[in-house]
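The numbers here are math on the coordinates, done by the rules we state, and not lab data. Since this is a predicted model, take the numbers as computed values, not measurements. Note: ideal-geometry Cβ built from the backbone for every residue, glycine included; neighbour counts use all protein chains shown.
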Amino acid sequence: MFRSSILICGGTGCTSNHSQEIREEFIKELKEKNLENDVAVIGTGCFGLCAVGPVIIVYPEGAFYSGVTTADVKEIVEEHLIKGRLVERLLYVDKHANSHVKALSDTNFYKKQTRVALKNCGVIDPENIDEYIGCDGYQALIKVLTEMKPQEVIDVIKASGLRGRGGAGFPTGMKWQFAANQVNDTKYVCCNADEGDPGAFMDRSVLEGDPHAVLEAMAIAGYAIGSHQGYIYVRAEYPIAVQRLNVALKQAKEYGLLGKNILGTGFDFDLEIKLGSGAFVCGEETALMTSVEGHRGEPRPRPPFPAVKGLFGKPTILNNVETYANICQIILKGADWFSSMGTEKSKGTKVFALGGKITNTGLVEIPMGTTLRQVIEDIGGGVPNGKKFKAAQTGGPSGGCIPAVNFDVPIDYDNLISIGSMMGSGGMIVMDEDNCMVDIAKFFLEFTVDESCGKCTPCRIGTRRLLEYLDKITTGKATMQDLDDMEQLCYYIKANALCGLGQTAPNPVLSTLRYFRDEYEAHIKEHRCPAHVCKGLIQYKIDPEKCKGCSACSRKCPVGAITGEIKSPFTIDPMKCVKCGQCMATCKFGAIVKE
Amino acid sequence: MKSIAEINAIRDKMQSQIKLRDNSKTEETHIVIGMGTCGIKAGAVAVFNAFVDEVALKQIAGVKVMRSGCMGKCDLEPMVEVTVPGKEKVTYINVDEKKAKEIIEKHILNGKAIDAYLMK
């Protein structure tokens with residue numbers, strides 16, 4: 001019987017911050033102190049507060065330590081685990097309360113969240129099936145196989161109001177119903193874990209922290225629609241997630257929870273993992289299935305929809321990782337429980353990956369209907385360094401920017417679309433006054449141009465032309481006519497592209513045009529970048545009043561553009577300057593300014 | 001391959017382990033053992049283990065056994081604080097393994113503090 005548990009985050013963020021070494025150090029240290037049978041060392045999935053990683057939690061006290069290094073391990077063992085004294089200096093500091101917080105559950109970051117899809121993330125060891133079972137794991141599958149008819153399962157999912165968490169928000173129960181209605185011996189269940197949006201890592205965290213929840217839900221889906229084979233399409237860029245999925249799959253098969261005659265009930269369901277090699281378009285459902293089949297990942301026109309003619313031409317359902325992560329709990333706790341959370345048309349919760357100019361970078365799960373203000377200020381801890389919030393980007397390259405005026409709009413599928421963005425898979429990138437909105441639009445367009453598969457012309461050529469317009473604007477060479485033409489092109493691409501990727505590609509441009517047209521016009525009419533980002537429109541200058549003539553900037557300048565005599569003000573030659581900004585970062589006196 | 005009964009058995013076994021990690025409930029009884037140097041010297045480790053084992057053995061729900069540092073009266077160690085929801089905190093002194101079992105039996109399970117062992 002263990003007296004204490006040390007939970008060490010094994011998500012990708014903390015792993016890159018050496019959490020594995022910390023884990024090994026704990027095991028070594030505990031062995032030295034003869035505590036290896038008293039204290040359990042458990043690697044878990046993401047706790048959510050990636051910004052202050054590596055993070056560990058010591059139970060039963062629930063002490064939440066952040067920014068831990070291997071050098072701290074000895075102190076935690078000797079002070080906390082032997083003598084029961086918390087190591088104050090390592091406790092997480094809550095910016096709101098400006099004090100050390102003992103437990104993760106006491107932080108503002110946690111208190112305002114509702115964890116459904118992330119229920120087990122950061123609580124259990126994802127590589128130990130027994131821990132998952134201890135948290136009621138596979139009970140939903142047992143319930144479905146022993147007590148429910150397939151149609152009853154679909155009815156529960158329908159009644160819960162669950163909508164697809166991949167972004168488009170199609171009702172999950174209806175999708176299952178379509179596939180169940182098809183008469184065919186062979187049907188497939190697929191899981192979309194090809195999370196390609198820049199800044200999104202929700203699906204990765206679920207797979208890393210709670211892989212069995214996805215496997216169990218897929219087996220339930222198989223039972224509901226009459227399928228005996230499933231595929232998980234996961235991107236190869238997620239090595240930890242792939243490895244944990246493989247471990248989970250092996251354990252589930254050993255326990256007879258997947259495979260032939262599951263738990264002696266006569267139901268067969270097997271799963272296979274397919275690796276994607278990083279093409280963004282493979283997150284689109286028809287392209288994903290083409291890729292699973294072994295072909296080049298390209299979309300095809302719909303209809304026929306996958307529920308009718310999907311993988312290998314058979315009826316197929318394809319759901320996102322986070323959608324599956326909700327299924328087991330809906331089965332166990334009931335549709336009413338799930339639909340009691342959220343707004344009228346968007347039920348349940350949504351996981352967001354918070355990134356960009358925000359204090360608490362990390363993973364949060366909120367009930368639908370929470371406002372952007374609550375997410376950014378209360379949970380995210382606000383914009384750091386006293387800067388002003390400008391906009392939040394949701395939905396990745398398919399989404400748009402939500403400006404500060406919409407701070408109090410409740411977040412759900414329909415509201416986000418009405419304000420020109422979309423839910424997307426759940427990346428949320430926060431921008432402050434130092435971000436140029438034209439530059440942001442350009443960044444996403446560059447991504448789409450790179451990732452366009454090339455099958456249809458509006459996307460392949462249209463997005464490239466769009467990027468050229470943006471290039472012209474950010475270098476100050478565009479006219480107002482260009483701006484109008486660009487807007488027209490956006491609508492043209494939206495109307496004519498083959499798949500969702502192309503149809504939504506102009507969204508970043510359209511939404512920034514809608515809310516930040518003044519910034520576009522400043523670039524065109526005044527040849528000025530208000531946020532001082534676009535290199536073609538800014539100049540670095542030295543304030544002679546503040547310059548002490550130390551020559552630090554001059555020595556750092558890679559092109560030798562800064563000259564002057566020691567102890568008298570230096571000057572920058574604008575013809576030579578490449579606007580790398582290194583001088584500004586070097587100057588200790590704040591003498592270098594951008595204009 | 002496992003049967004449904006075996007899966008349920010694993011669940012019951014693991015639940016007591018995982019319950020340790022639940023910090024959300026405020027309505028639970030806390031047994032806190034002073035584990036400063038003074039406490040450890042006076043035998044607090046054995047007392048702590050006795051409490052953990054008893055709670056697990058009797059499968060008592062809603063009870064958390066925790067360590068704390070020196071409670072300030074080193075000559076009275078091992079000291080044990082028991083907080084039952086809705087009641088005032090009481091402190092036991094000079095606790096040993098035998099007393100620990102008694103405290104679980106009489107105080108935790110039957111709700112009657114053992115006056116003879118309390119700090120005066």
Just tell me how shielded B:3-11 is by partners: mean number of partner chain Cβ atoms within 10 Å of each residue's Cβ, no decimals.
-> 6
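Can you tell me the alpha carbon radius of gyration of segment A:349-432 divided by the globular rule-of-thumb value 2.2 N^0.38 Å?
0.94
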Which of A:H212, A:H100 comes first, and how do the rest follow, when ranked by fewest Cβ neighbours within 10 Å?
-> A:H100, A:H212
Which of A:K102/B:K98; A:K83/A:K111; A:K102/A:K347; B:K73/B:K101 have a Cα-Cα distance over 25 Å?
-> A:K102/B:K98; A:K83/A:K111; A:K102/A:K347
Rel. contact order, % - alpha carbon contacts under 8 angstrom, at least six apart, chain A | 12 percent
Which whole number gives the average, over all residues in A:82-92, of C-beta atoms from other chains lying within 10 Å of the residue C-beta?
-> 4
Computed over chain B: longest principal axis from alpha-carbon atoms vs helix B:4-19 long axis, angle to nearest 10 degrees, is 30 degrees
Kindly provide the GluC sites (Glu not before Pro) of segment A:482-534 that DSSP labels as loop, not H, G, I, E or B, and whose Cβ sees at most 16 other Cβ atoms within 10 Å.
-> A:E526
Which shape class applies to chain B: rounded if a/c is under 1.5, otherwise prolate when a/b exceeds b/c and oblate if not, where a ≥ b ≥ c are the square roots of the Cα gyration tensor eigenvalues?
-> prolate
Which distance in nm do the two modelled labels at A:K556 and B:D115 give, with both placed 7 Å along the Cα-to-Cβ direction?
-> 7.5 nm
From the square roots a ≥ b ≥ c of the eigenvalues of the alpha-carbon gyration tensor of segment A:440-548, which class results: rounded (a/c under 1.5), prolate (a/b over b/c), or oblate?
-> prolate
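Taking neighbour counts of Cβ atoms within 10 Å as a proxy for exposure, in what order, fewest first, do A:F26, A:F516 appear?
A:F516, A:F26
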Structure-based [θ]222 nm, chain A - -39500 (n - 2.57) summed over DSSP H runs of at least 4, per residue, nearest 500 | -10500 deg cm²/dmol
Compactness of segment B:12-68 - radius of gyration and Dmax, Cα, Å = 12.3, 37
Per DSSP, loop trypsin sites (Lys or Arg not before Pro) in segment A:369-423 with at most 14 further Cβ within 10 Å = A:K387, A:K388
Within a Cβ distance under 12 Å of B:I60, other residues only, what is the Lys/Arg minus Asp/Glu net charge?
-> -1
Debye calc, one equal point scatterer per Cα of segment A:4-109, no solvent, log10 I(q)/I(0) at q = 0.16 1/Å comes to -0.63
For the residues A:M584, A:M428, what sequence is obtained by ranking on other C-beta atoms within 10 Å, fewest first?
-> A:M584, A:M428
For segment A:502-553, what is the largest minus smallest coordinate of the Cα atoms on each principal axis, given in angstrom and ordered from greatest to least?
-> 54, 23, 16
How high is the relative contact order of chain B, given as a whole-number percent (alpha carbon pairs under 8 Å, six or more residues apart)?
-> 26 percent
Roughly how tilted is helix A:480-496, in degrees to the nearest 10 and between 0 and 90, from the longest Cα axis of chain A?
-> 10 degrees
Approximate spin-label separation A:D450-A:Q182, in nm, with each point projected 7 Å along Cα-to-Cβ | 3.4 nm
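Could you work out the Rg to Rh ratio of segment A:539-594, with Rh taken as the Kirkwood radius (inverse of the mean 1/r over all Cα pairs)? List each step's numbers first, then the result.
On the way: Rg = 9.6 Å, Rh = 10.7 Å.
Ratio value, two decimals: 0.89.
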For A:53-62, A:412-421, ranked highest to lowest by mean beta-carbon neighbours within 10 Å, the order is A:53-62, A:412-421
Roughly speaking, what is the centre-to-centre gap between segment A:361-380 and segment A:562-595 when only Cα atoms are used, to the nearest Å?
-> 40 Å
Compute the separation of the alpha-carbon centres of segment A:165-200 and segment B:1-64 and state it in Å as a whole number.
-> 42 Å
Pairing the Cα long axis of helix A:321-333 with the longest principal axis of chain A, what angle in degrees results, from 0 to 90 and rounded to the nearest 10?
-> 40 degrees
Quick one: check the C-alpha center-to-center distance for segment A:5-47 versus segment A:435-451, whole angstrom.
-> 40 Å
Please label the shape of chain A as rounded, prolate or oblate, based on the square roots a ≥ b ≥ c of the eigenvalues of the alpha-carbon gyration tensor (a/c under 1.5 means rounded; beyond that, a/b larger than b/c means prolate, else oblate).
-> oblate
Using a basic spin-label model with each label point 7 Å from the Cα along Cα→Cβ, how many nm lie between A:K588 and A:E433?
-> 2.8 nm
Among the aspartates and glutamates, select those whose C-alpha is under 17 Å from the C-alpha of A:K333, and discard any that sit fewer than 8 residues away in the same chain.
-> A:D136, A:E147, A:E152, A:D155, A:E216
